[in-house]
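Undergrad: Shown below is the structure under consideration.
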Amino acid sequence: MNLELYNAAYSTCSQKVRLCLHEKGLSFTDRILDFRTQEHLSDIYLRINPNGVVPTLIADGRAVIDSSVIIEFLDEVFPETALTPKDPFARADMRAWLRYIEEVPTKAIRFPSFQKVFLRHFSDMDADQFDAAAQSRPLRTAFYRKMGRDGFDDAEMDASYAELRQTVMRMATRLRQGPWLCGAALTLADYCVTPTIDRMADLGMASLWDDLPEVADWYARIQARPAFVATFYAGSRVSDRYDDLQKEKP
Ligand SMILES: N[C@@H](CCC(=O)N[C@@H](CS)C(=O)NCC(=O)O)C(=O)O
C-alpha cells in the first residue's frame, strides 16, 4: 500500500502516527506542511482534511483523518507487529485509554504549548488579524478566541496542569502492573500519549512526574525504541526551533 503522511515535524498528533508507522517498519512519503504559511488551511488541503489540522494519511490515494483513527487504521491494515490486544476486553481497555488521552491530556497540552511557544506568533497581530486567524481554523476558533492575543489566564493554565497531572497519575497506577499501559505488550495507547509526555518534558514540565518513577521508567523505555528515535528527529521538538526554550530541555 502506498502511504503518504501530511504532517508537521513538531505536531504531537503527527508524532503519534509517525511512532506507529516506524514501529511497524512501514515506509511512507513524508509530506511536511508549513504552519507559518498556513498550508494546512489552504483550499487544496481542506479538501483532503476539512478540519484544517494535521495529520492526514493518504493510503492508496484515499484520505484517512484524525490521528487516533489513523493509528487504528494502520493496525488493522498492517497487523504484523500488532499494537492492539486480541482479547475483546483488553481491546476495550485500550480504546478507553485512547478516548481518555484524546479527551484529557491531548487537549490539556495545547494550553502550555500555545502559552509558552505558539502565542508569540499571534500576540503582535491587531484585533482584526487575530480574529481572522481564529476564524480560519475550522476546529479551533473558540480555542484561539479564548487564548486571545494575551494568552490564557491562570485559571485556564491551572486546569490544564491538573489534567496533565491526573494523566501521569493514572499512567503510574497502570504501569505498576505494566510494563506497558495495557499490560504485557506495547499498544497504541502507549504511543497515543507519548508525544504529550515528550512535549511536557520539552517544555520543562517533567517535574509533574518527579514522584512517579513508573512514568519516568516507561518514558525511558519508550525513548530507547528505534521508532521513537526515528519519530523525534532533530527539529521535531519545539525547543529545537525556539532558542528561548533550550534552557527548559531535560
Ligand atoms: N483530532 C485531531 C487533532 C489534530 C490537531 O489538532 N492537529 C494540530 C497539530 S497537533 C494542528 O494541526 N493544528 C493546526 C492549528 O492550530 O492551526 C487529530 O488527532 O488528528
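Undergrad: Please count how many residues of the stretch 74-103 are within 13 Å of the ligand (Cβ to nearest atom) and surrounded by fewer than 17 Cβ atoms within 10 Å (Cβ to Cβ).
TA: Of the residues in that region, 3 qualify.
Undergrad: Residues to consider are Thr106, Thr37, Thr56; find the one that is within 16 Å of the ligand (Cβ to nearest atom) and under 30 Å from Gly178 (Cα atoms). Before you say what the answer is, go through the steps one by one.
TA: Working: Thr37 fails: under 30 Å from Gly178 (Cα atoms); Thr56 fails: under 30 Å from Gly178 (Cα atoms).
The match here is Thr106.
Undergrad: Report whether or not Ser42 is out of contact with any Phe, Trp or Tyr (no Cβ under 8 Å at 6 or more places or on another chain), more than 27 Å from Met200 (Cβ to Cβ) and within 13 Å of the ligand (Cβ to nearest atom).
TA: Against the criterion (out of contact with any Phe, Trp or Tyr (no Cβ under 8 Å at 6 or more places or on another chain), more than 27 Å from Met200 (Cβ to Cβ) and within 13 Å of the ligand (Cβ to nearest atom)), Ser42 qualifies.
Undergrad: Determine which member of the set Gln129, Gln135, Gln115 is polar (S, T, N, Q), more than 10 Å from the ligand (Cβ to nearest atom) and under 21 Å from the mean Cα position of the chain (by Cα).
TA: When all the criteria are applied, what remains is Gln115.
Undergrad: Considering each residue of the stretch 203-250, count those that are free of Cβ contacts under 8 Å to residues at least 40 places away in the same chain, closer than 27 Å to Leu21 by Cβ and part of a helix (DSSP H, G or I), and give that number.
TA: The total comes to 7.
Undergrad: Oh, and also: Check off (1) near the ligand (Cβ under 10 Å from one of its atoms); (2) free of Cβ contacts under 8 Å to residues at least 40 places away in the same chain; (3) more than 14 Å from Ser136 (Cα to Cα) for Thr29 and give me the number that stays unchecked.
TA: That leaves (1) as the condition not met.
Undergrad: Let me ask another. Are there any pairs, at least 6 apart or on different chains, whose C-beta atoms fall under 8 Å, with the first in the stretch 162-191 and without any contact (Cβ under 8 Å) to a residue 24 or more places away in the chain and closer than 18 Å to Arg95 by Cβ and the second of a type outside the set (Ser, Thr, Tyr) and surrounded by 15 or more Cβ atoms within 10 Å (Cβ to Cβ), and if so, which?
TA: Partner pairs satisfying both residue conditions: Arg174/Leu181; Arg174/Cys182.
Undergrad: Return the total of residues in the stretch 210-235 being at pLDDT below 95 and either assigned by TED's automatic domain parsing to the domain that holds Val117 or crowded, with 17+ Cβ neighbours inside 10 Å (or both).
TA: Qualifying residue count, the stretch 210-235: 0.
Undergrad: Kindly indicate whether any position in the stretch 157-173 is within 16 Å of the ligand (Cβ to nearest atom), surrounded by 15 or more Cβ atoms within 10 Å (Cβ to Cβ), of a type in the set (A, V, I, L, M) and assigned to a loop (DSSP other than H, G, I, E, B).
TA: Checked the stretch 157-173: no residue is within 16 Å of the ligand (Cβ to nearest atom), surrounded by 15 or more Cβ atoms within 10 Å (Cβ to Cβ), of a type in the set (A, V, I, L, M) and assigned to a loop (DSSP other than H, G, I, E, B).
Undergrad: Test of understanding: among Phe143, Phe152, which residue is assigned to a loop (DSSP other than H, G, I, E, B) and at pLDDT 95 or above? I'd like the intermediate steps shown before the answer.
TA: On the way: Phe143 fails: assigned to a loop (DSSP other than H, G, I, E, B).
Answer to the check: Phe152.
Undergrad: Would you mind telling me which numbered condition in (1) modelled with pLDDT under 95; (2) of a type outside the set (A, V, I, L, M, F, W, C); (3) under 16 Å from the mean Cα position of the chain (by Cα) Glu163 fails?
TA: Glu163 satisfies every listed condition except (1).
The values are calculated or read from the model by the stated rules, or taken from the named source; none is laboratory data. Remember, it's a predicted structure, so these values are computed and weren't measured experimentally. Positions of Cβ are generated from backbone atoms using ideal geometry, with glycine treated the same way; all protein chains shown enter the neighbour counts.
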